[in-house]
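Everything below concerns the one structure shown next.
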Amino acid sequence: MSSKTLHLTLFQKALILVAVPLTFELCLLGTVTVLLYQAENEARQADHSKAVIAKTTEVIQLLFDVGYAFVAYDAKTNEILGDRLNQELAETPKQLKALEELVRSEPAHLTIVQSVASETEEDFQLVKSRKKVIEDGGHLDLMEAFNMRQDLNEMVAKLDSMIKDERAQQADPEAVSRLNSIIKMSLFGGVLTSILLAALLVMKFHQSTTRRLKVLMENSVRIGTGAGLVDSLKGDDELGQLDRVLHNTAETLAVLERERLEVERVKQQFVSMISHDLRTPLSAVKSTLELLGAGALGALSEKAQLKVTRAEDNLRHTMDLINNLLDLEKMESGRMELDLKHTELQPILDRCTEAVSALADRKAILVKSAQTQAAVMADERRLSQLIINLLGNAIKFSPEKSEIDIEIKSTKSMTKISIIDQGPGIPTAQKDLIFDRYHQTGTDEAARVEGTGLGLAICKAIAEGHNGSIGVDSLEGKGSTFWFSVPTSS
């Protein structure tokens with residue numbers, strides 16, 4: 001016979017964690033409420049019995065007082081004894097009425113009180129009539145006195161029976177004490193049980209939830225590091241679902257990583273093919289064209305010479321594109337090694353300015369470099385390539401007979417080199433994209449100027465390879481300032 005596992009969500013587990021102790025507390029509250037209600041009833045009953053007993057005793061005392069006062073008045077007739085008898089005759093019915101109200105909820109006792117009240121009224125009428133006889137000089141008849149004594153004893157006996165009943169109904173002190181003990185034990189035991197129950201539920205929740213959360217956290221870290229994940233969590237709650245998502249994500253990432261490695265392998269094969277299968281024959285073609293242009297293979301006509309020159313330019317552009325692609329691939333794959341060392345900046349600026357002077361002279365552009373004593377931690381060849389690329393880019397987009405300024409700002413940690421031109425500027429929307437490979441600004445000037453679209457991407461890779469940064473400040477129509485920063489060398 002197969003057993004079904006109960007699958008609970010986190011919400012249901014949390015609900016149980018709250019509901020079970022709460023239900024127990026409500027049951028405890030109900031039990032204590034019943035016990036307190038019972039204790040209150042016992043207390044009310046005790047107070048009621050005490051009041052009935054006290055009032056009944058008072059009535060009995062009044063009945064005896066009436067009898068004694070009547071006998072005393074018969075023995076010695078005077079005004080004081082007469083007034084006392086009248087007061088007690090008037091007070092007794094009032095107290096009987098009060099006693100009747102006290103026992104109105106007790107039919108048996110109410111009947112007794114009403115019977116005593118009726119008999120008292122008859123006897124008191126007789127006492128009042130005999131009081132007039134005594135006042136006129138007569139005396140109490142012995143038989144009547146005996147009968148009145150008998151009536152008094154019967155009434156007292158009835159009232160005594162009430163007192164016995166009320167005393168019997170009074171709560172037993174031991175029972176009250178036991179009830180109080182039960183209430184205290186219920187409270188103490190209930191609170192203790194509630195604490196233990198809550199502790200057990202928390203431990204269970206900890207075992208089933210907190211431990212699994214730690215597994216999820218570990219798996220999250222493992223995904224980030226590329227390590228294998230631990231075994232899948234059991235359960236259909238949110239944690240189990242999240243764990244399955246993590247495992248699916250890890251599998252997807254593993255597939256993507258394999259695809260990335262395959263793409264990387266294909267790219268490296270492509271680069272290798274460019275390096276060996278394209279660059280080598282292109283170099284041979286370049287040498288042949290140079291020989292033709294120099295007339296080493298015979299004189300050329302003017303038209304043929306022009307064709308050779310154009311072919312050389314196109315071949316040079318192709319070779320530059322191939323070299324840029326190779327450089328960029330090395331930089332992005334981390335295979336480009338930089339020889340970072342203490343490098344004086346001024347000699348590099350002078351050589352770079354000289355390297356672009358011919359290009360600048362064609363457009364009558366003046367390139368001015370600030371003089372500096374700054375030194376940086378850099379690879380001299382790659383830093384020169386970076387500066388020449390930025391200067392060449394500035395010259396291409398600058399109008400004729402304009403100026404390009406090189407500014408240097410050095411701090412203890414970083415040195416910033418800025419190249420300021422008077423070109424058309426860069427649209428704001430293009431600033432964040434200008435350093436992406438193959439990206440052109442889309443302006444008319446960019447369309448007119450020939451380029452591979454890789455120069456600025458290479459500049460960015462070189463700057464970041466030096467643990468520096470690169471950027472551009474520009475307003476469209478007001479020129480551009482391309483800058484980069486590299487670590488200062490002390």
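Structure above, values below:
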{"quantity": "Qualifying residue in segment 343-351 (condition: surrounded by fewer than 18 Cβ atoms within 10 Å (Cβ to Cβ) and not in a helix (DSSP H, G or I))", "calculated": "yes"}
{"quantity": "So VAL266, is it under 18 Å from LEU325 (Cβ atoms), free of Cβ contacts under 8 Å to residues at least 24 places away in the same chain and among the aliphatic types (A, V, I, L, M)", "calculated": "yes"}
{"quantity": "Any chance GLY392 is surrounded by fewer than 20 Cβ atoms within 10 Å (Cβ to Cβ) and either in contact with a Pro (Cβ under 7 Å, 6 or more places away or on another chain) or touching a residue at least 40 places away in the same chain (Cβ under 8 Å) (or both)", "calculated": "yes"}
{"quantity": "Residue in segment 72-85 that is of a type in the set (Gly, Ala, Ser) and in contact with an Asp or Glu (Cβ under 7 Å, 6 or more places away or on another chain) present", "calculated": "no"}
{"quantity": "Residues (surrounded by fewer than 13 Cβ atoms within 10 Å (Cβ to Cβ), assigned to a helix (DSSP H, G or I) and not hydroxyl-bearing (Ser, Thr, Tyr)) located in segment 99-113", "calculated": "GLU101, PRO107, ALA108"}
{"quantity": "Exclusive hit being over 30 Å from ASN314 (Cα atoms) and of a type in the set (Gly, Ala, Ser), set ALA299, ALA254", "calculated": "ALA254"}
{"quantity": "THR57 closer than 30 Å to ARG167 by Cα and either in contact with a strand residue (DSSP E or B) (Cβ under 6 Å, 6 or more places away or on another chain) or touching a residue at least 24 places away in the same chain (Cβ under 8 Å) (or both)", "calculated": "yes"}
{"quantity": "Pairs, first assigned by TED's automatic domain parsing to the domain that holds ALA46 and more than 12 Å from MET162 (Cβ to Cβ) in segment 93-115, second basic (Lys, Arg) and part of a helix (DSSP H, G or I), C-beta under 7 Å, six or more apart", "calculated": "GLN95/LYS55; ALA98/LYS55"}
{"quantity": "Residue selected from segment 465-481 under the condition among the polar types (S, T, N, Q) and closer than 12 Å to PHE397 by Cβ, by the criterion surrounded by the most Cβ atoms within 10 Å (Cβ to Cβ)", "calculated": "SER480"}
{"quantity": "Selected residue (only one of LYS286, LYS267 is closer than 30 Å to THR225 by Cβ and of a type outside the set (Val, Ile, Thr))", "calculated": "LYS267"}
{"quantity": "Any chance LEU81 is free of Cβ contacts under 8 Å to residues at least 60 places away in the same chain and farther than 18 Å from GLU119 by Cβ", "calculated": "yes"}
{"quantity": "All strands (runs of 3 or more DSSP E) inside segment 380-479 with 1 or more residues being at pLDDT below 90", "calculated": "469-474"}
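The values are calculated or read from the model by the stated rules, or taken from the named source; none is laboratory data. The shown structure was predicted, so the numbers you read here are calculated from the model rather than taken from an experiment. Glycine also receives a Cβ, built like all others from the backbone with ideal geometry; neighbour counts cover every protein chain displayed.
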